[in-house]
């Protein structure tokens with residue numbers, strides 16, 4: 001299902017997750033792809049600690065920055081690769097921003113907003129429902145989270 | 001159930017909604033109350049158009065600004081008054097910020113995240129569930145939304 005291009009994009013998202021890990025942030029990373037050119041248009045990792053902002057998840061940072069850069073509220077020409085299933089806040093923001101496709105690595109049964117019972121994209125409240133693909137490099141995406149929380153517990 | 005203090009706070013939120021209306025933004029307003037002093041600590045209305053940011057809902061702006069001001073990620077000493085039921089994105093952000101009580105005016109069966117089938121605060125994904133009170137000045141809170149969308153359709 002996934003080709004080398006997909007893997008390269010998720011590798012870039014994982015790099016952002018690792019940078020987040022090094023900042024002591026929950027290690028989730030994401031990249032925005034401009035669909036037409038296929039290029040990585042923006043990349044981000046969580047910065048809730050650094051920015052003192054509980055909404056500064058990787059996905060929100062990307063949406064905020066790209067919309068501001070383009071002077072728009074919607075970015076339907078972009079796809080999002082993110083290491084972990086988006087939470088309900090991010091899943092809703094992704095819908096509002098009209099992102100075309102979301103490709104995530106590992107599911108997050110504990111805090112996810114898509115595959116968990118929250119299942120935001122099955123709700124009529126969310127008018128735009130992005131296409132969803134999952135499982136790309138899921139082991140690596142999940143492992144960095146496990147490492148982070150294991151370190152927190154010691 | 002609601003006293004004069006509650007009404008004054010919702011009047012302040014409604015003023016923010018009216019200012020949003022005048023900016024051609026979806027007219028939702030909100031205020032943050034410092035529980036101990038009872039004072040209005042911050043106020044905001046939607047600014048998604050102005051800021052080119054689909055996440056710039058009144059509630060998100062308040063959380064972002066107050067957390068930054070205090071240098072924290074959680075503001076459990078604050079309550080939120082908002083004219084309309086928060087959407088799923090805002091409902092999740094309110095939970096992450098650990099806001100104590102949410103008092104909203106009118107329900108939003110179309111896009112709400114609390115009373116609608118989304119019902120975020122019934123989900124185990126959201127660890128912190130704020131206390132919820134609703135119906136405070138709901139007619140006035142709903143009317144300004146109706147006026148806004150009626151104007152949009154003409």
The range B:1-100: translational diffusion in µm²/s, Stokes-Einstein, Kirkwood Rh over Cα pairs, 4 °C, 1.567 mPa s: 97
With Cα atoms, 0 to 90° folded angle of helix A:58-70 axis to chain A main axis: 40
Highest-fluctuation residue, A:86, A:130, A:76 considered, GNM on chain A with Cα pairs under 10 Å: A:76
Stokes-Einstein D for the protein assembly as shown, Kirkwood Rh over Cα pairs, 25 °C, 0.890 mPa s (µm²/s): 125
Label-point separation in nm, residue A:36 to residue B:11, each point 7 Å along Cα→Cβ: 5.2
Inter-chain Cβ neighbour average for residues B:66-78, partner chain, 10 Å: 2
Shortest-first distances to equivalent copies, position residue A:36, nm, label 7 Å out along Cβ: 5.5
Separation of alpha-carbon centers, the range A:47-121 and the range B:78-117, rounded to whole Å: 19
Rounded to 10°, Cα long-axis angle of helix B:4-22 versus longest principal axis of chain B: 50
Helix-only CD estimate at 222 nm, as mean residue ellipticity for chain B, using -39500 (n - 2.57) per DSSP H run (n ≥ 4): -12500 deg cm²/dmol
Rg/Rh for the range A:60-141, where both radii come from Cα atoms and Rh is the Kirkwood radius: 0.96
Most fluctuating residue given options B:38, B:29, B:112, as computed from a GNM of chain B linking Cα atoms under 10 Å: B:38
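Counting other C-beta atoms within 10 Å, which of A:118, B:72, B:82, B:26 has the fewest, and how do the rest follow?
Starting with the residue having the fewest Cβ neighbours, the order is B:72, B:26, A:118, B:82.
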At 7 Å out from Cα toward Cβ: residue A:65 inter-copy label distances (nm, ascending): 2.5
Whole-number percent relative contact order across chain A, with pairs defined as alpha carbons under 8 Å at least 6 apart: 20
Teacher prompt: residue A:119 distances to equivalent labels in other copies, 7 Å Cα→Cβ, nm: 1.3
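Bear in mind that the values in this text are calculations on the coordinates, not laboratory data. Computed from a predicted model, the values in this text were never measured in an experiment. Neighbour counts run over all protein chains shown; Cβ positions are idealised from the backbone, glycine included.
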